[in-house]
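Bear in mind these aren't lab numbers, they're just calculated from the coordinates by the rules spelled out. Source: prediction; values computed, not measured. All Cβ positions, even for glycine, are placed from backbone atoms using ideal geometry, and neighbour counts span all protein chains on display.
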Amino acid sequence: MAFLDDVLQPPSYGWRDASGNFSKPSASMILKEFFKRLNVFNDKKNWLPFFSWLKVLCLFPFFVLFVTNYFSFPLLAAGFVYGMILMGTHGTIWYHRYCTHGAYTFKNAWWKFFTKNLVLSIIPEEIYVVSHHVHHAKSDEPGDPYFAEGGFLYCFLADVNHQPIAKDLSEKDYHHVETLMKHSGISGNNYKAYQKWGSYASPVSSIINWIVNWSFWIGVFYLIGGMGLVCALFAGSFIWAVGVRTFNYEGHGKGKDLRQDGIDHNRNDMSINQVWPGYVAGEWHNNHHLYPKSARSGFLPYQLDLAWCYVKLLHTVGAVSSYHDDRKEFYRKYHTPYLEGTEKGTVSATRD
């Protein structure tokens with residue numbers, strides 16, 4: 001826990017106040033921190049969050065071109081499917097279940113590369129993975145990088161204000177970061193390069209991967225449907241890239257207890273299962289917090305899990321060599337006892 005206490009760069013307003021309680025910053029404090037941490041001219045170690053938002057901004061012209069020059073309802077539908085479903089599901093498959101939790105393993109490096117680049121590359125793995133380990137360790141507590149009680153803006157700008165790794169890690173702690181990241185396949189800095197750039201990710205390899213990934217997909221989309229399809233799918237990706245930053249605020253009840261008996265069995269934090277992110281991205285968040293290392297989080301019959309479908313498909317064809325599936329354990333430990341207790345009129349919620 002000591003490592004997870006210190007691995008993220010704390011914001012200037014801190015995680016806790018002098019009394020040890022959550023330090024909720026004002027909107028002006030959050031915005032000031034945001035623009036300070038994006039300033040690569042003041043500190044080149046800010047390059048990774050700047051790079052992350054630069055890619056989002058580079059999507060915006062495609063959104064404008066789609067709306068002004070290429071709009072049609074078929075292209076709108078294509079952009080919706082690509083942005084909301086394909087991008088969303090890929091985020092769950094790659095960043096969440098593989099890079100962070102190691103819920104499944106690939107047969108070889110080719111299939112890892114294939115899955116990593118299945119869609120447009122937008123979010124840096126480092127920003128997502130390390131901070132997400134902290135999120136699970138401190139869920140809905142001070143130090144959680146996207147603590148919903150901090151408010152919408154606190155969560156929306158968390159990738160810049162709360163999620164980057166600390167810039168002064170010891171060599172020992174940096175090796176822990178390497179352990180968390182090495183299976184993701186991205187090119188990592190050694191400790192000396194980390195001290196220069198303040199990140200695990202290498203700037204040069206990150207930029208090259210971005211250029212190659214986007215160039216490839218622009219070419220594919222153009223060959224399939226011309227510039228109109230390129231703009232539509234990039235526009236859909238822009239909407240996803242902005243919208244995904246709202247997820248943890250909503251996925252943890254916007255700072256309120258919105259958990260429902262019989263649906264949200266995890267009572268150790270405020271995570272909730274939501275139909276929309278569940279169906280379009282396989283993100284049944286309360287289930288995931290119960291079993292974070294499970295490659296499936298859609299446990300109940302109505303909980304469609306497209307991310308799990310992809311993993312299962314790759315396992316069927318031999319591209320995934322192993323996976324964790326905790327559905328049976330979920331029923332045994334939580335859902336079946338809840339149903340039995342409801343029938344007897346003795347259980348209102350299952351607590352771990």
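Estimated at 0.36 nm per residue, the fully extended path between ASN117 and VAL204 surpasses their Cα-Cα distance by 29.6 nm. Rounded to the nearest Hz, the phi-derived 3J(HN,Hα) couplings of the stretch 273-285 under the Karplus curve 6.51 cos²θ - 1.76 cosθ + 1.60 (θ = phi - 60°) are 7, 10, 5, 4, x, x, 6, 8, 9, x, 9, 8, 6, where x marks glycine and proline. As a calculated quantity, the FRET efficiency between THR342 and GLN195 at R0 = 45 Å, using C-beta atoms, amounts to about 0.20.
Legend: calculated FRET efficiency, VAL212 to LEU304, from the Cβ-Cβ distance at R0 = 41 Å, rounded to 0.05, equals 0.80. Helices of the chain meeting both criteria, an alpha-carbon length of 24 angstrom or more along the long axis and an average Kyte-Doolittle score not below 1.6, with helices taken as full DSSP H segments, are 47-65. Which parts of the stretch 53-85 would a label at VAL220 reach, counting a residue when its backbone N lies under 16 Å from a point 7 Å out along Cα-to-Cβ? Residues 79, 81-85 fall inside that zone. Simple spin-label estimate for PHE73 and SER12 gives 5.1 nm between the two label positions (7 Å along the Cα-to-Cβ direction from each Cα).
Length gained on full extension, ASP43 to THR105: 18.6 nm, using 0.36 nm per residue less the C-alpha separation.
Fully extending the segment from ASP261 to GLU329, taken as 0.36 nm per residue of separation minus the present Cα-Cα distance, adds 22.6 nm.
The aspartates and glutamates within cross-link reach of LYS167, meaning a Cα-to-Cα straight distance under 12 Å and a gap of 8 or more places when in the same chain, are ASP6, ASP43. When each of GLU141, GLU283 is scored by the number of other beta-carbon atoms lying within 10 Å, the sequence from fewest to most is GLU141, GLU283.
Taking amide H atoms as placed 1.01 Å from N in the peptide plane, the amide H of VAL320 lies under 5 Å from those of LYS107, HIS315, each 5 or more residues away in sequence or on another chain.
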